[in-house]
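**Q** Dropping the structure in here first, questions after.
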Amino acid sequence: MGVLNVTPDSFSDGGRYLDAEVAVVHGLEMAHQGADVVDVGGESSRPGAEPVSEREELRRVVPVIEALSPHVRVSVDTVKRAVAEAALDAGATLVNDISASLWPVAAESGAGWVAMHMQGAPRTMQRDPHYHDVVAEVHAFLRARAETALEAGVREVWVDPGIGFGKTASHNLALLHHLPELVAEGFPVLVGTSRKSFLGPLAAGPGPEPAGVAERLPGSIATATWAMLAGASMVRVHDVPSARQAATLVGATRMAAGGSWAPGPVAAGR
Ligand code: HH2
């Protein structure tokens with residue numbers, strides 16, 4: 001899943017794709033580089049982000065989704081019902097929902113739905129995240145939401161532990177460590193670690209400074225690879241070529257167990 005933030009303030013690519021034409025070119029580029037889904041968002045959810053009006057979010061995302069959806073699967077990254085509905089009308093087929101509350105929209109439309117876990121709301125979520133048992137609580141929350149969505153008639157339900165959403169670095173690492181248990185619940189798992197701040201200190205060089213956003217590619221790919229090996233079915237990334245290469249390698253190594261793997265049309269073409 002390639003990230004396409006049509007926003008002025010996203011934490012790593014804010015302002016780069018605010019112009020619809022530039023956004024569409026980047027979305028097509030990510031599809032060409034091997035993204036199976038392009039995730040279009042019009043409101044930043046970075047810690048401290050200010051909410052955006054419905055009208056402005058619609059203005060940002062709808063034209064981009066209309067242009068991209070004939071060429072690649074598009075998800076809409078939103079917490080607003082009206083934006084999700086307009087995005088599905090414009091051609092999106094997956095609702096990426098960091099609030100884990102929009103399953104009725106997916107049930108009514110036949111679209112897929114991603115339930116992500118978040119403690120609190122973006123503006124304040126990183127102030128003092130607190131859990132008794134982060135892994136048990138996040139997994140239980142996702143299981144309950146996913147089952148509710150299934151009962152409501154949603155046919156494609158994804159779960160996402162919400163790395164960085166009301167979580168300390170050790171919460172994030174615990175969730176990554178215990179990913180196989182979430183995978184074992186039976187819902188396809190999506191994981192987004194790309195360029196996130198918990199990577200900063202972990203990905204730092206020998207000096208005292210944490211790695212800045214632009215220096216977090218190795219950590220992003222390491223954690224995406226970890227997630228794929230743990231059984232995640234999709235990783236949400238800004239740097240598609242590197243993640244695609246990691247995904248191809250994970251798949252090839254798995255399939256080589258019987259000595260039978262050979263580059264297929266997708267691997268060879270990309
Ligand atoms: N992370 C971000 C946004 N949406 N959706 C899912 N399902 N999982 C994630 O981990 C996730 C997400 C935050 O990253 P980004 O979109 O790059 O930044 P911003 O929220 O500042 O636009």
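Only the coordinates and a few stated rules stand behind these numbers; no lab work does. What you see is a predicted model, and the numbers here were worked out from it, not measured in a lab. Cβ atoms come from the backbone with ideal geometry, glycine included; neighbour counts cover every protein chain shown.
**Q** Can you list the trypsin sites (Lys or Arg not before Pro) in the range 146-241 that are in a DSSP coil and have 12 or fewer other beta carbons within 10 angstrom?
**A** Details: sites: ARG155, LYS167, ARG195, LYS196, ARG216, ARG236; in loops: ARG155, LYS167, ARG195, LYS196, ARG216, ARG236.
Passing both the DSSP loop test and the Cβ count: ARG155.
**Q** ALA169 to THR253: extension gain in nm, 0.36 nm per residue of separation minus the Cα-Cα distance?
**A** Values: separation 84, 0.36 × 84 = 30.24 nm, distance 2.94 nm.
So the chain would gain 27.3 nm between ALA169 and THR253.
**Q** Continuing with this model, one more query. So if R0 is 30 Å, what FRET efficiency would THR148 and GLU209 give, r being the distance between their Cβ atoms, rounded to the nearest 0.05? Write out the running numbers ahead of the final one.
**A** Details: r = 44 Å, r/R0 = 1.47.
Efficiency at R0 = 30 Å is approximately 0.10.
**Q** Here is a further query. Please report, to one decimal in angstroms, the Kirkwood hydrodynamic radius of the chain built from all distinct Cα-Cα pairs.
**A** On the way: mean 1/r = 0.0530 Å⁻¹.
This gives a value of 18.9 Å.
**Q** Please report the relative contact order for the chain, taking Cα pairs under 8 Å with a sequence separation of at least 6, and give it as a percent rounded to a whole number. Don't skip to the end; give the middle numbers.
**A** Details: 510 pairs, mean separation 41.1, N = 270.
Result for the chain is 15 percent.
**Q** Another question, if that's okay. Calculate the spin-label point distance for ASP36 paired with HIS130, positioning each point 7 Å from the Cα along the beta-carbon direction, and give it in nanometres.
**A** So the two model labels end up 4.0 nm from each other.
**Q** At 7 Å along Cα-to-Cβ for each site, give me the label-to-label distance between GLU56 and ASP89 in nm.
**A** According to this spin-label approximation, the distance is 2.2 nm.
**Q** Would you mind computing, in nm to one decimal, how far apart the modelled labels at VAL22 and GLU181 are, each placed 7 Å from Cα along Cα→Cβ?
**A** 4.4 nm
**Q** Could you size up the charge dipole of the range 2-190 around its Cα centre, putting +1 on the beta carbon of Lys and Arg and -1 on that of Asp and Glu, and report it in debye to the nearest 20?
**A** Working: 14 positive and 27 negative charges, 47 e Å.
Dipole size: approximately 220 debye.
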